[in-house]
Amino acid sequence: MVDLWIMTFSAARREWLSKAVSSEPEIRIAGTAATFPFLRSLMLESSADISLIDLQPEIPSSTTNDWLDELLELTSIVVLSPEPDPATFNRIRRAGVGSVLQSSASSEQIVHAIRGVASGLMVFDSALAPQPSEDELLEQLTPREGEVLRLLADGLGNKDIAVKLGISEHTIKFHIHSLLGKLGAASRTEAVTRGLRSGLIEL
């Protein structure tokens, strides 16, 4: 069971989001809030696994990012945004688990994202993901993640990579989730493509 907090200013959106996620029997709503301060009161009264945050254009990005830092200490986050700024995207990406979708995402897409995040994945709408620079990638990928990325480019599966590197398949999954986030990639294929373009993989 996944416990979920929902925050959005619009009462109509709160109702719609509540109905959308309630269609999934494995998701339980721990509470809803109209603003970040109200959400803080929920933190004191209940606990949750994931925060579903529906951002509004009227909320300054600086305010959003301050609250995201606090929320990321307690839960994973699924953000719905009309156009997230790079700082918002990067905060979630660097947390290792989370999702950023467009505000117009369907109920099916939102439930899919919640399921993915609950499983430890990162789920991003590729149309919203800023393209990381080569310098940023070189700073962020660890040597082990670089090895895994190059083996992905060779077409190896998780089990084969684990055998080749002498580590567990679970650890390989962790590294893949991490490098997908750092590359801003939605799939293994996209990660390899961006790795090639940034010079992280040599042909």
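Bear in mind these aren't lab numbers, they're just calculated from the coordinates by the rules spelled out. Note that the structure is predicted; figures quoted are calculated from it, not measured. Methodologically, a virtual Cβ is constructed for each residue, glycine included, from the backbone with ideal geometry; neighbour enumeration extends over all protein chains shown.
In this rough spin-label picture, where each label sits 7 Å from Cα along the Cβ direction, the ARG40-ASP3 distance is 2.1 nm. Amide H to amide H distances under 5 Å link ARG28 with VAL2, ASP3, LEU4, where only residues 5 or more positions off or on other chains count and H is placed in the peptide plane.
Starting from the Cα gyration tensor of segment 2-124, take the square roots of the eigenvalues, sort them a ≥ b ≥ c, and report rounded, prolate or oblate (rounded when a/c is under 1.5, otherwise prolate if a/b is larger than b/c, else oblate). Here segment 2-124 falls in the rounded category.
Proximity of backbone amide H atoms, modeled 1.01 Å from N, is registered between VAL123 and GLY98, SER99, VAL100 at under 5 Å, excluding neighbours fewer than 5 places apart on the same chain.
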